[in-house]
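What follows is a short report on a single structure.
Coordinate-derived values only; no laboratory data. All values reported here derive from a predicted model rather than from experimental measurement. So basically every Cβ, Gly included, is an ideal-geometry build from the backbone, and we count neighbours across all protein chains shown.
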Amino acid sequence: MTKPVDSSLPPVSPGTPGALTTGTSRRGFLRALSLAGAAAAFGPRLGAHPLTFSVNDMKLEFYPYTLELRHTFTIATSSRTTTPAMMVRVIKDGIVGYGEASMPPYLGESQDSAKAFLERVHLSAFPDPFQLEDVLRAIDMIAPGNPAAKAAVDIALHDWVGKKIGQPWFRIWGLDPAKTPVTSFTIGIDTKEVVRQKTEEASIYKVLKVKLGRDTDKMMIETIREVTDTPICVDVNQGWKDKAFALEMVEWLAKKNILFVEQPMPKEQIDDIAWLREKSPLPIIGDESVQRLPDVKKAWGVYDGINIKLMKCTGMREAYKMITLARALDMKVMLGCMTETSCAITAAAQLSPLVDWADLDGAVLIKNDIFNGATIVDGKITLPDRPGIGVRPVQ
Ligand SMILES: [Mg+2]
């Protein structure tokens, strides 16, 4: 095992018992006495699980896992039947925190890249795993990119910290679990027969999310409207290249009970998207354009709202900051996902009382989920009342 290359990693706390009694000055000795006094004063109240750590022996484990999709999943730019993932565990004090990286190949990460990144993460280098702000910033600085691998560690640490405190994250963040939104169910680009069948299967959902961006767009919407009037969110995945065509499509969609249009054009066409947004009768939401926190500010004036995904933004901590910034800029917020197990889905669901729309159907789209977590009851996300991110491995 090699040490992280990043020199900004914090050293082991000088507050360890060994450091306090070895070669210390008189001032250091007096400081040690006062710390010992403070520990004695607070010790009994902290009980069997003191919230300070003089030595951190936290371990990180990970293994590759392949998510098997229920149906071949086709969007404007690609088609697939599996999604590579990396499952992560952090372990300390007999508590296990679970995390997950889901890596659709077109986004550039893989099980190999996640393994290479995670091998450089040494959680025992940090004096206190509760200091998520510093720990996650240092992990982010190990290497650029790798957002899903970073999210896996972020989720596992949040799970561990929540379990150590004994509270779920929605409660730590002060959120009302009754305010979770309904979640949409995604229908990929497909033949008329399959679209009809999937729409019928999705009858419990209060919102449908429909992938567009090929030459079958009107057929897709018309087929669904032959079956149901359920509101639809449209995701074009950058599929429309011409702004006049995009406006024509948005105006046509506006008569079909559509809630919003996500990433209508390539993310590079910023001026065209801003032009479309000004004329569009429907809200325009950025997804591929908005990866991390600094992108929220860039999206202001171009999009009406943003789609946040843990696998794009490095995890729960940055997602929370992105929601806060988007709200300050008076933007709409949507919480999305990749195909993921209930581990990452439930982690995202902890934030869902804060958002306008959620698209957290990733675990429903796979057939080999290995966690129990958030469930969908009557189309609405229902959070488990368990500490951490609230998941349990399937026995
Ligand atoms: Mg999208």
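Given the options Asp159, Asp217, Asp271, state which has the largest fluctuation in a GNM of the chain using a 10 Å cut-off (strictly under) for Cα springs.
Asp271
Return the whole-Å distance between the Cα centroid of segment 162-196 and the Cα centroid of segment 264-341.
Rounded to whole Å, the Cα centres lie 18 Å apart.
Non-local amide H neighbours of Thr375 (under 5 Å, H modeled in plane, Pro and chain starts lacking H): which ones?
Thr382
Quick one: Karplus J couplings for segment 234-250, per residue in order, coefficients 6.51, -1.76, 1.60, θ = phi - 60°, nearest Hz, x for Gly and Pro?
For segment 234-250, the Karplus-derived couplings read 10, 10, 8, 6, 6, x, 9, 9, 10, 5, 5, 5, 4, 5, 4, 5, 4 Hz, x marking Gly and Pro.
Roughly how large, in nm² to one decimal, is the mean projection of the convex hull of the alpha-carbon atoms in the chain?
Across all orientations, the chain yields a mean hull projection of 21.1 nm².
Arrange the following residues from fewest to most other Cβ atoms within 10 Å of their Cβ: Val364, Val161, Val194, Val296.
Listing Val364, Val161, Val194, Val296 from fewest to most nearby Cβ atoms yields Val194, Val364, Val161, Val296.
Would you mind computing Rg(Cα) / (2.2 N^0.38 Å) for segment 306-350, counting N as its residues?
In units of the globular-protein estimate, segment 306-350 measures up at 1.11.
Going by C-beta contacts inside 10 Å, put Lys92, Lys150 in order with the fewest on the left.
In increasing order of surrounding Cβ atoms, one gets Lys92, Lys150.
Give the aspartates and glutamates whose C-alpha is closer than 20 Å to that of Lys367, dropping any in the same chain fewer than 8 places away, or say none.
Glu68, Glu100, Asp190, Glu200, Glu201, Glu340, Asp359
Taking amide H positions as placed 1.01 Å from N in the peptide plane, with prolines and chain starts having none, which residues 5 or more places from Val210, or on another chain, fall under 5 Å of its amide H?
Close amide H contacts, sequence-distant or interchain: Ile187, Cys233, Val234, Asp235.
Taking a ≥ b ≥ c as the square roots of the Cα gyration tensor eigenvalues, with a/c under 1.5 meaning rounded and otherwise prolate when a/b beats b/c, else oblate, which class fits segment 151-262?
prolate
Go through segment 186-197 residue by residue and turn each phi into a ³J(HN,Hα) via Karplus (6.51, -1.76, 1.60, θ = phi - 60°); whole Hz please, and just put x for glycine and proline.
Result, ordered by residue: 8, 10, x, 5, 7, 6, 4, 5, 5, 4, 4, 4 Hz.
Exposure proxy check: Lys312, Lys163, Lys279 ranked by fewest other beta carbons within 10 Å?
Lys279, Lys163, Lys312
Simple spin-label model, 7 Å along Cα-to-Cβ: Glu268 to Lys321 in nm?
2.9 nm
Hey, what number do you get for the chain at 222 nm if only DSSP H runs of n ≥ 4 count, each worth -39500 (n - 2.57), divided across all residues, to the nearest 500?
-10500 deg cm²/dmol
Whose amide H sits under 5 Å from the amide H of Arg70, counting only residues 5 or more places off or on another chain, with H placed in the peptide plane?
Result for Arg70 returns Ile366, Lys367.
Could you tally the net charge around Asp217, taking each other residue with its Cβ under 12 Å from the Cβ of Asp217, Lys/Arg +1 and Asp/Glu -1?
Taking every Cβ under 12 Å from that of Asp217, the sum is 0.
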